[in-house]
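Report on the structure given below.
The values are calculated or read from the model by the stated rules, or taken from the named source; none is laboratory data. Just so you know, these numbers come straight off a predicted model, no measurement behind them. Using ideal geometry, Cβ is built from the backbone for each residue, glycine included, and neighbour counts are taken over all protein chains shown. Heads up: the accessible areas ignore ligands, DNA and RNA and are worked out on the full protein's heavy atoms, side chains in. Shrake-Rupley method; radii C 1.70, N 1.55, O 1.52, S 1.80 Å.
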Amino acid sequence: VPPASSMSTNMMKTTARSPRAALLLLVACAAISHIVYFSKFHDRAMGAGVLHSQGQSRDDFDLPTTAAGGAASAVARAGPSSPSPSSRAAVMVEEEDEGGAGLQSKEEEEGDSVDEADGADEEGDSADAEDSAAEEEASSAPATTATSTSTSAAWRPRLFLHIGPSKTATTTIQHDLAHLSTKSKVLEKDDLVFWGRQHGKSRYAGSPVGVLSQLFQWDCMVSEYAAFRANRTIEDHDHKIDNNGDQHHEEISQQNFPDCLNTSVAMLGMLRRDRKSLIISDEKYTYVSLYLKGRRPGIFESQEYFRNFHEVFQGWDVTVIIGYRRMAEWMVSSVKERNAKIGLYEKTTQKFWPDQGGMPMQQPWSFIRKWTVGRKAHTSDSTAYIDVTVPAWERGNFTVHLLNIHNTSRHMSQQLVCDTIGDATTSCSHLEQNIADSQQNTRSSAWSVYNQIVFAAASRGLISKDLQAKKTRIEMTDEFEAYFRGYLKKTVSDLPLVCPTAAELEKLLNTSLAIEQRWMPTFYRSADGEAAHRAAFEKLAVVKREFCSVDTARLFDGHDTWDAFLQSWNSTSTTPPSWKIEHRWEFFKTTAYPKT
């Protein structure tokens, strides 16, 4: 090949001799310049990953950038497109230079992008193209780019995930949210959508919001996600090898989530498209099996699950909301709920009378000892307490907000809507003006004691088979409570009891106080904190005897019939015995009462 200088000299000589040759040379130069210009434009667009179609798909979900330079959307976007991470970075730098706030990208702040390494490689491959193009495109870039990006970034959809636990006014909160959503319809005025207990059939844009339940399933969010992620990594690697030789980004179409999440991601996309935020409330997300290891780790103990959850909700602000109730009170209430399922719910398969397969009541102290003694983390048989749930979600890098059932100035639903959500002004105002009574069980904890007395009397034969055939166990319990507490003005303290020792109760109180001090420090130091906590525990343990069990063997000693037993309490000729409280260890060996 002759030197460039020789070629140039020869061309100049030829041009001087032939005007036709000069014209052909000018046409050739123009063609070469045109090809070079569009080649550079194509490389810059591909390297920066800001093709319009990819920008649209990323803005629907704010997904992590793949090797293709973008992410495919499951829902078509109706609004303006959003730039890729590299383009966003340029906008942020531009805003800082102009004295702006200097935004930090969510991906960098949380460090949760699963393709961080891939993104770094891609960024390195395209860095030269971006640098060489920056000055050339500065003057021709649309003037609205920075403004539109800032406006888009100013609003982010929010998820408020209320997980209970049960016995912390969850039913009340869900009832109020369902009312705000379906009856008064004020949630929609605050751009909020609710899905949860008591509102499981909620729909948005004609589709069931319940499809989001897949976001809390192990098989989908961990097992299938892991297989999908491994396959995606292989595809990304093969894609990069192909790109080294040939830049055909627009031919790559890649799904960003496992198939099991298609409907969930589509629902989130619709909510984001329409600028709606989401409230989910379900106490099942505090079930023990979701936090502690069994046959496999609990889903909320899995950092892999939290990593995937963050990926699905990239571009969302997520707040996990947990209810607080003093531990001792919460545990007593949990035992009460267990007993209600045994002796109260007629719709269950449990039979009520002993000969029909009925079960005795559960002893509060037997369960509470099992839930607390020698354990660092506290749970009931089915539900995890806040010293389990709060650390788990905080380890997953989530913002956690506690609702306080002991807040005397603020209803639990108001705490969630008015304080936690904050800007739901229409819904908050409606709650403040139309707050409903809490949804509560109508029977007291003492009702379980009276129920056990009836059950034990039937086991001993004091209640005849004819009477059992005429009345249910529930009816007999209600009648006995009305007679004993209503007519005789007696309480559980008038019965022969077996109770935990003062030392055991002191340990329980100290544990309950320590948890409140750890997780609710400001409240603990307030007038409604430690002092009120101690007073409430005293009432629970000493006045109401909530931790004690009735000793039916002593109670029925000397009685052969139910009528004779009742008459002994109402007789003017005899004085009912004054029983001494006993502390028999063997009485609490089993969680259920002795049948007789």
Carbon and sulfur %, accessible surface of region 376-499 computed with the full protein complex present, 1.4 Å: 44 percent
Euclidean distance of C-alpha centroids, region 493-543 and region 367-436, integer Å: 19 Å
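Pull out a ≥ b ≥ c, the square roots of the eigenvalues of the alpha-carbon gyration tensor of region 465-596, then state rounded if a/c is under 1.5, prolate if not and a/b is larger than b/c, and oblate in the remaining case. Intermediate results must be reported in sequence, preceding the final value.
Details: a/c = 2.33, a/b = 2.15, b/c = 1.08.
Cα axes put region 465-596 in the prolate bin.
Any idea of the accessible area per residue across region 401-507, 1.4 Å probe, to the nearest Å²? Working shown, then result.
Values: 5000 Å² over 107 residues.
Ligands and nucleic acids excluded, the result is 47 Å² per residue.
Roll a 1.4 angstrom probe over the protein heavy atoms and tell me the percent of accessible area of region 148-226 that is carbon or sulfur.
Values: 1550 of 3160 Å².
Looking at region 148-226 in its full context, I get 49 percent from C and S.
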Peptide ranges 393-400, 258-265 listed from the most packed, as the mean C-beta count within 10 angstrom indicates: 258-265, 393-400
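Please sort 326-336, 502-512 by packing, taking for each peptide the average over its residues of neighbouring beta carbons within 10 angstrom, highest first. Intermediate values should be presented prior to the final figure.
On the way: 326-336: 22.4, 502-512: 15.6.
Ranked by mean Cβ neighbours within 10 Å, highest first: 326-336, 502-512.
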Anisotropy class of region 484-534 from Cα gyration tensor, a/c 1.5 cut: oblate
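By per-residue mean of other Cβ atoms within 10 Å, what is the highest-first order of 158-169, 211-222?
Values: 158-169: 22.9, 211-222: 18.5.
Top of the packing list down: 158-169, 211-222.
Specify whether the C-alpha gyration tensor of region 271-336 places it in the rounded, prolate or oblate class, a ≥ b ≥ c being the square roots of the eigenvalues: rounded for a/c under 1.5, otherwise prolate if a/b is larger than b/c and oblate if not. All intermediate terms of the calculation are to be shown ahead of the outcome.
Working: a/c = 3.17, a/b = 1.47, b/c = 2.15.
Cα axes put region 271-336 in the oblate bin.
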Set 336/589; 336/539; 167/544; 336/580; 167/490; 490/580 screened for pairs whose C-alpha atoms are more than 23 Å apart: 336/580; 167/490
